[in-house]
Amino acid sequence: MSALFEIILPVFLVLGSGYVAVWRGYFTDSAVDGLMRFSQNFAIPLLLFRAISTLDLAHGYNAGLMISYYTGSVASFAAGLIGARFLFSRPWEESVAIGFAALFTNTVLLGLPIMERAYGPTSLAPNFAIISIHAPFCYFLGITTMEVLRNKGASPMRMLSATLRAMFRNALMLAIGAGFLFNLSGLTLAGPLSEAMNLIVRAALPTALFALGGILYRYRPDGDLRIVAWVCGLSLFLHPTIAYFMSTVVFSLPKGMMHSAVLTAAMAPGVNAFIFANIYGAGRRVAASAVLAGTALSVLSITFWLTVLGA
């Protein structure tokens with residue numbers, strides 16, 4: 001158990017430092033916003049670009065790995081949407097936003113540092129494979145579902161256009177696309193450019209964790225706590241349970257891939273859950289509360305799954 005805390009505690013101490021810094025007034029909201037913009041628009045995109053551009057695509061993109069992880073994602077989205085609509089009687093648009101909160105796991109800001117702490121930097125290749133299609137997949141599923149419900153009778157081309165516009169405004173997806181371009185073409189960066197990128201990349205995860213802590217301070221638990229509990233249960237337990245079953249029973253994946261699929265699935269809802277809700281003006285209180293509560297509860301879920309995986 002002490003070893004598990006050695007894995008988890010440093011990550012949450014950095015996150016908690018950001019929370020306390022904003023709470024006590026040592027760090028302003030505008031400073032946190034600037035730090036998060038640096039992380040999300042520069043440092044993390046460069047981290048993903050470097051990872052994808054050097055990823056062994058033949059080894060990293062294992063069909064069983066992707067199916068194991070994304071079967072749980074789709075199941076969580078469907079359960080979140082249907083539960084919000086029929087168990088809690090929420091409007092359809094709000095139900096989609098709540099389903100998206102159960103769908104969009106924090107694969108980067110929590111998933112990468114936890115996996116690295118647990119299994120080392122060399123274990124991250126399957127994580128990068130999952131992450132490389134995570135935002136495109138989740139946004140495509142969420143936006144398409146929302147646009148279908150909002151634009152009943154609209155032409156398929158109009159809905160596709162709205163979906164693509166929303167997806168390709170995201171710096172993470174542009175970086176992933178550039179990474180694939182470099183990987184497939186064999187292009188490389190000149191030495192000084194590569195070293196400069198590495199300097200920024202080393203700041204990506206700690207600054208993102210600190211900024212995430214500051215942002216979470218704004219998200220007071222609010223809304224229907226039963227729905228928040230529903231979303232957290234789907235995100236923290238249903239998703240990794242399905243990933244564990246698929247990766248061990250259905251596909252018998254190598255341990256490294258199985259660890260990546262299950263641990264990544266066990267992360268809390270990401271901040272993009274609130275961003276998606278904010279775009280459509282639906283389910284914002286539930287999404288914000290799920291991000292905050294899920295991040296706090298993920299200490300327990302991560303400890304549980306690390307124990308199951310024998311970390």
#### Entry: Share of alpha-carbon pairs per 5 Å distance bin for the stretch 87-143, given as whole %
4, 17, 21, 17, 14, 11, 8, 5, 2, 0
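Where the convex hull is taken over the Cα atoms of the stretch 2-309, what is its projected area averaged over directions, in nm²?
Result: a mean projected hull area of 16.3 nm².
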### Message
Could you work out the relative contact order of the stretch 2-309? I mean the mean sequence separation of Cα pairs under 8 Å and 6+ apart, divided by the number of residues, in percent.
### Response
34
### Query
Taking the Cα centre of the stretch 2-309 as the origin and placing charges on Cβ (Lys, Arg +1; Asp, Glu -1), which of Ser132, Ser95, Ser73 is farthest toward the positive end of the dipole?
Ser95
### Message
If I model a spin label at Thr54 and Leu193 as a point 7 Å from the Cα along the Cα→Cβ vector, what separation in nanometres do I get?
### Response
1.6
### Query
Percent relative contact order of the stretch 189-311, based on C-alpha pairs within less than 8 angstrom and at least six residues apart?
31
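Before rounding to the nearest 500, sum -39500 (n - 2.57) across all DSSP H runs of length at least 4 in the chain and divide by the residue total; then give [θ] at 222 nm in deg cm²/dmol. List each step's numbers first, then the result.
Details: 17 runs with 227 residues, N = 311.
Helices in the chain give a 222 nm mean residue ellipticity of -23500 deg cm²/dmol.
If neighbour count is taken as other Cβ atoms inside 10 Å, put Trp92, Trp230 in order from fewest to most. Intermediate results must be reported in sequence, preceding the final value.
Details: Trp92 15, Trp230 22.
If I rank by nearby Cβ atoms, fewest first, I get Trp92, Trp230.
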### Message
Can you work out the Karplus-derived ³J(HN,Hα) for every residue in the stretch 89-99? Use 6.51 cos²θ - 1.76 cosθ + 1.60 with θ = phi - 60°, whole Hz, and x for glycine or proline.
### Response
6, 8, x, 4, 4, 5, 5, 5, 4, 5, x
### Cut-off under 5 Å, modelled amide H: who pairs with Thr105 long-range
Gly270
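Each reported figure results from applying straightforward, stated rules to the coordinates on display, with no laboratory input. This one's a predicted model, so the numbers in the text were calculated from it and none came from an experiment. Reconstructed Cβ throughout: ideal geometry from the backbone, glycine too, with neighbour counts over all protein chains shown.
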